[in-house]
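Laboratory data are not the source of any read-out in this text; all were calculated from the coordinates shown. Keep in mind it's a predicted model, so treat the numbers as computed, not measured. Reconstructed Cβ throughout: ideal geometry from the backbone, glycine too, with neighbour counts over all protein chains shown.
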Amino acid sequence: MYDKTVRRRRAVLGLLLASSLILLTLYFGESAGGGLHSVQRGVLQVVSPIQEGASRALKPFRDLFGWVGDTLDAKGQVKNLRAERDQLRAQAIAGVAATRENQKLKALMRLEDSAGLTAANPVRARVIGQDPSLWFTQIEINKGTDDGLREGQPVVTGEGLIGRVSSAASGTAIVTLISDHTTNVGARVNESSGITGVVQVEAGRPDDLVLSYTKRSDVVTPGQTIVTSGTMSRSDRLSSPFPPDIPIGRVTRVDEPGTDNQLPHVQPFADLRRLEFVDVLTKQINGNRPKGTP
Amino acid sequence: MNVGRPQLIARMALLGLMTVIVQVSAVSQVQVFGVNADLLPLVIAAAGLLAGSVPGAVLGFCTGLFLDLALVQTVGLSSLLYVTVGYWAGRLRELRDPQGAVLPIAVGAAATAVAIIGFSLMQFLLGVDAPVSVLLVREILATIALNALIAAPVHALVRRWLMPALPEDPRRRRRRAYTTGGLSPLSRA
């Protein structure tokens, strides 16, 4: 009797472990249109209304804990924010003058007015789920292919770029964040149009982005802002999925500056752990090339 | 086959389903000390500890599979880790039958460590070619500490939910034996 129980227990364990390994192997072996991926999309479609309901129902709970956390964080942030406020105030004053000058120049040169992101037909979505792992690389939103969402479309918040749609079902979609190791964003330093690179997550540090592939001669300093570069190539085959000039983050420090290995670290503007509403840019304008590019 | 078995299966299925939904919809979006709590290893370990190794492993497999499917993650990864957690917790109960108020906390912390470190290792093995950073280690430790803090109430909730369907509870059985006039193991000797 004892032997039978032991055998049965071991058999169940072996079966479950083998099933997990088989699923893992099959999932890696198949294409995005394979059976397991289709099952995932089906489950996503069935579960998303439940998750959306749960997300709404549990919002007071989230807000309560968020309020406690915010209060604790706020004290430490006051000093930094005051310094940033002073800096921004100075920048705003300079910005007003620059805007006035810009408008005059535009009028003089008869350039078309900036299209902005509204032309990219943004679709507003609510975040209804978030990856529970430490890597926090995915969120689930309540809009899908029925609303015009497609894989690869960029996703932004009021603060800046947060990721792109990696999987979409009819009423829901999964967004892979810029903190995922598979995400590479063509970017440039806003204060210096000649410095370009690729924003990636730093290896092993999911909340620290880096601007890779800068040149030795590129001078990047802390405090500079990083924005998307858009499509730099004339070829459509090498187009960027991200429109130009979307804010990504601010340079916090630069490792080994002035060398081939220099690595600027970028703190994202958006708080990737606390997202509630996002905009998906569903329309590509001029192949995501910067304005003025043919 | 025990009469309470279908009820146990139903209760465990509902427990796994609700845990994934609450985790994904709420707990993952709440930061405490810069990290998120992870209910899944706590619930699976508690279920294994209360119901045994086979129910624990099965719950771990099904919950992990549901999580992977619902979040469009690598299918099989979470199942593999949670099977280990559920089975290990169940075996602990079957082999040692440990008692004590700190047991759920210790088991919860260990289960979280197995799940998070295992998940990180698997992530590295499956393509994130990166060294382990100080930040990652710090976050792992913070998550284990946070989960240890909430392990006792989570264990109590799981126990309360599964209790009516459990075939027997060693502690309850012992208490009943003493209070209804049964002989204690000492007096038997």
**Q.** Neighbour-limited loop hits for chymotrypsin sites (Phe, Trp or Tyr not before Pro), the stretch B:22-77 (at most 16 other Cβ within 10 Å; DSSP other than H, G, I, E, B)
**A.** B:PHE33
Q) Ratio of the stretch A:121-286's C-alpha Rg to 2.2 N^0.38 Å, to two decimals? A) 1.02
Q. Among A:LEU16, B:ILE140, A:VAL185, whose Cα lies farthest out toward the positive end of the dipole of the protein assembly as shown, if unit charges sit on the beta carbon of Lys, Arg (+1) and Asp, Glu (-1)?
A. A:LEU16
Q: Show the residues, 5+ positions off or on another chain, whose built amide H is closer than 5 Å to the amide H of A:ILE285.
A: none
Q: For a footprinting-style exposure proxy, rank B:MET163, A:MET232 by other Cβ within 10 Å, fewest first.
A: B:MET163, A:MET232
**Q.** Sequence-distant residues sharing a close amide H with A:VAL266 (under 5 Å, placed H)
**A.** A:LEU209, A:VAL210, A:LEU211, A:THR252
Q.
Can you tell me the orientation of helix A:2-29 relative to chain A, as the angle in degrees between its alpha-carbon axis and the longest Cα principal axis, to the nearest 10?
A. 30
Q | Note, ³J(HN,Hα) from phi for the stretch A:155-162, Karplus 6.51, -1.76, 1.60, rounded to Hz, x at Gly and Pro | A | 10, 10, 10, x, 7, x, 5, 10
Q. Who wins for biggest fluctuation among A:GLY29, A:GLY53, A:GLY194 in a Gaussian network model of chain A, springs between alpha carbons below 10 Å?
A. A:GLY29
Q: For A:VAL127, list long-range residues whose amide hydrogen, built 1.01 Å from N in the peptide plane, is under 5 Å from its own amide hydrogen.
A: A:PHE277, A:VAL278
(Q) Using a Gaussian network model on chain A with a 10 Å cutoff between Cα atoms, which of A:LEU26, A:LEU281, A:LEU209 fluctuates the most? (A) A:LEU26
**Q.** Crossing angle, helix A:59-109 versus chain A [Cα axis fit, 0-90 degrees, rounded to tens]
**A.** 30
**Q.** Rounded to the nearest 20 debye, dipole of the stretch B:5-188 from Cβ charges on Lys, Arg, Asp, Glu
**A.** 1080
Q) Along the three principal axes, how long is the stretch A:53-101 when you take its alpha carbons, biggest first, rounded to the nearest angstrom? A) 50, 28, 7
Q | Dipole magnitude (debye, nearest 20) for the stretch A:121-286, charges at Cβ of Lys, Arg, Asp, Glu | A | 320
Q) Of A:SER31, A:SER166, how do they rank once you tally other Cβ atoms within 10 Å and put the fewest first? A) A:SER31, A:SER166
Q) If you project the alpha carbons of the stretch B:5-188 onto their three principal axes, what span does each projection cover, largest first, in Å? A) 62, 33, 27
Q.
Given the options B:MET18, B:LEU49, B:LEU126, identify the residue whose Cα lies farthest towards the positive end of the charge dipole of the stretch B:5-188 (+1 on Cβ of Lys, Arg; -1 on Cβ of Asp, Glu).
A. B:LEU49
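Per-residue Cβ counts within 10 Å, from other chains only, averaged over B:30-38: what number is that? Don't skip to the end; give the middle numbers.
Numbers: counts 12, 9, 5, 2, 4, 3, 7, 2, 3.
Per residue, the number of nearby Cβ atoms from other chains is 5 on average.
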Q. Which value, in debye to the nearest 20, gives the size of the charge dipole of the protein assembly as shown about its Cα centre, when Lys and Arg are +1 and Asp and Glu are -1 at the Cβ?
A. 1640
Q. So how do B:TRP88, A:TRP67, B:TRP161 line up by other beta-carbon neighbours within 10 Å, fewest first?
A. A:TRP67, B:TRP161, B:TRP88
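What does the average come to when, for each residue of peptide B:59-66, you count the partner chain Cβ atoms lying within 10 Å of its Cβ?
Working: counts 0, 2, 8, 1, 0, 3, 5, 2.
Average per residue, whole number: 3.
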**Q.** Value of D in µm² per second that Stokes-Einstein yields for the protein assembly as shown, Kirkwood Rh from Cα pairs, at 10 °C (1.306 mPa s)
**A.** 64
Q. Is there a simple number for the mean count of other chain Cβ atoms within 10 Å of the Cβ of residues in A:51-63, and what is it?
A. 4
